[in-house]
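The values are calculated or read from the model by the stated rules, or taken from the named source; none is laboratory data. Since the model is a prediction, treat every value here as computed from it, not as a measurement. Reconstructed Cβ throughout: ideal geometry from the backbone, glycine too, with neighbour counts over all protein chains shown.
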Amino acid sequence: MEIAHDDSKVGGHVLAKDTKGILHDITRPSFEDDEDTERYWTNLAKVFLQGKTIKTARYMTKEEAEEFGWYHRPIIVHFTDGTNFIVQSDDEGNNGGVLNVSDEDISILPVMR
């Protein structure tokens, strides 16, 4: 994710470019307005995920899960740009989580225990 510099701050808003060069408003909202909160997280997800290419996906090792303090080992997706994401059970990272898949043959990628 590329955070735009001073020339891209408009009216106090922070803009970031996704991999296709599209600017998204990622100004942190007050979180008092559900619409603003959802818009913020949607734009942040777009900046991080859109246009990326998956290099590989694998399950977290037992050693990695121990480092996180987790009992469940989720999927880790590695992207070609060196970033990755790890599926977790909640916002606080209390454990690894399942990945819901929109495929008629696979409904979820479960955690390993």
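Considering the conditions (1) loosely packed, with under 12 Cβ neighbours inside 10 Å; (2) at pLDDT 95 or above, GLY21 is excluded by exactly one of them, (2). Scanning the stretch 83-92 for any residue that is out of contact with any strand residue (DSSP E or B) (no Cβ under 7 Å at 6 or more places or on another chain) and aliphatic (A, V, I, L, M) turns up nothing. Considering the stretch 52-99 alone, what residues qualify as being over 30 Å from LYS20 (Cβ atoms) and acidic (Asp, Glu)? GLU63, GLU64, GLU66, GLU67, ASP90, GLU92, listed by residue number. Checking each residue in the stretch 74-106 for being modelled with pLDDT of 95 or more, assigned to a loop (DSSP other than H, G, I, E, B) and β-branched (Val, Ile, Thr) picks out THR80, VAL98.
The criterion of being outside any strand (DSSP E or B), in contact with a Pro (Cβ under 7 Å, 6 or more places away or on another chain) and at pLDDT below 85 does not hold for THR27. The single condition from (1) under 30 Å from LEU109 (Cα atoms); (2) modelled with pLDDT under 85; (3) part of a strand (DSSP E or B) that TYR40 fails is (3).
For the subset of the stretch 51-73 comprising residues that are in a loop (DSSP other than H, G, I, E, B) and either touching a residue at least 24 places away in the same chain (Cβ under 8 Å) or surrounded by 13 or more Cβ atoms within 10 Å (Cβ to Cβ) (or both), which member is nearest to the chain's Cα centre (by Cα)? Can you show your working first?
Within the stretch 51-73, the first condition is being in a loop (DSSP other than H, G, I, E, B), and the residues that meet it are 51-53, 60-61, 69-72.
From what is left, the residues that are either touching a residue at least 24 places away in the same chain (Cβ under 8 Å) or surrounded by 13 or more Cβ atoms within 10 Å (Cβ to Cβ) (or both) are 51-53, 60, 70-72.
Working: GLY51: 13, LYS52: 12, THR53: 14, MET60: 16, TRP70: 19, TYR71: 21, HIS72: 19 Å.
Applying the filter and picking the extreme gives LYS52.
For the residues THR83, THR42, the requirement of being assigned by TED's automatic domain parsing to the domain that holds VAL14 and of a type in the set (Ser, Thr, Tyr) singles out THR42.
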